[in-house]
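Participant: This is the structure I want to talk about, given as structure tokens.
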Amino acid sequence: MSDYKYIEVPNQYEFQHEPNEYRLNDLAVFELKKKGYEAFKSTSVQPQDKNIGACNTLVMDIEESGILSRSFILNFKNCDGEIVYSTIKGTGREKDNQKAYFTAMRETIRSMPEAIQAKASTTEVIEAKIPDSAETQPIEDDQQTKFPDEPATADRPALKFDYAQKTNQGYGIVLKEAEEVEVYNNDKLIGSGQKSSTGFYLIETKQFNGVGIIKDEIFIIEYRDNGELVRVELHKTF
């Protein structure tokens with residue numbers, strides 16, 4: 001798999017009754033990223049160099065089986081539909097379908113080797129957009145899918161935000177190197193963002209996913225909550 005740069009996860013598989021049912025596809029992307037792979041859903045913004053000149057993207061297919069339990073085998077296919085890598089079978093035995101699917105997905109992906117980025121480079125996107133509400137809700141099923149909490153206040157220096165809401169409490173932004181940002185809520189780290197080639201920041205947090213942009217010394221974040229567009233303005237601190 002080290003010969004390929006990206007993994008694309010379809011937004012719906014044959015066994016699913018609707019796109020991203022049970023948020024399983026979101027979970028797959030999340031777990032693949034934790035293993036070091038550059039993964040994205042087929043409905044998300046696409047890397048600018050995807051399959052340009054040569055096939056550099058594998059598509060993740062799922063063999064689903066089971067009646068009293070849910071089992072997955074993941075097959076990663078190249079541009080010719082050939083299987084490059086297959087995982088072991090992962091099985092979820094919980095009575096709740098979502099929990100069983102999540103267990104099966106985690107078992108399969110965690111059996112995979114850590115990613116070796118033989119062709120490492122910065123991922124660029126063609127465009128930035130506000131995702132649909134089905135794509136913006138963070139995965140919150142249990143502790144394993146959440147961002148790690150910040151160390152206790154006594155163990156770290158006081159935060160100094162580059163952008164913050166004009167309230168004593170609320171969202172704050174810290175600018176990092178390599179055009180990255182950290183997103184905080186009430187001094188607690190909730191996520192991060194990466195600047196794309198279009199100038200937008202792709203924001204991923206455990207509370208929402210959206211896009212951000214700096215305009216007139218204001219960091220503007222927009223995301224959807226139950227279909228409604230939410231706009232957050234964080235002003236530059238001096």
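Here, each number is a calculation from the coordinates, and none is a lab measurement. This structure is a prediction, so every number in the text was calculated from the model and none was measured. FYI the Cβ positions are ideal-geometry reconstructions off the backbone, even for glycines, and counts take in every protein chain you see.
Participant: Which of the residues that make up segment 43-79 are farther than 21 Å from R106 by Cβ, without any contact (Cβ under 8 Å) to a residue 60 or more places away in the chain and assigned to a loop (DSSP other than H, G, I, E, B)?
Facilitator: The answer is K50, N51, I52, G53, A54, C55, C79.
Participant: Restricting attention to segment 80-108, which residues are in contact (Cβ under 8 Å) with a residue 24 or more places away in the chain, farther than 11 Å from S69 by Cβ and outside any helix (DSSP H, G or I)?
Facilitator: Matches in segment 80-108: D80, V84, Y85, T87.
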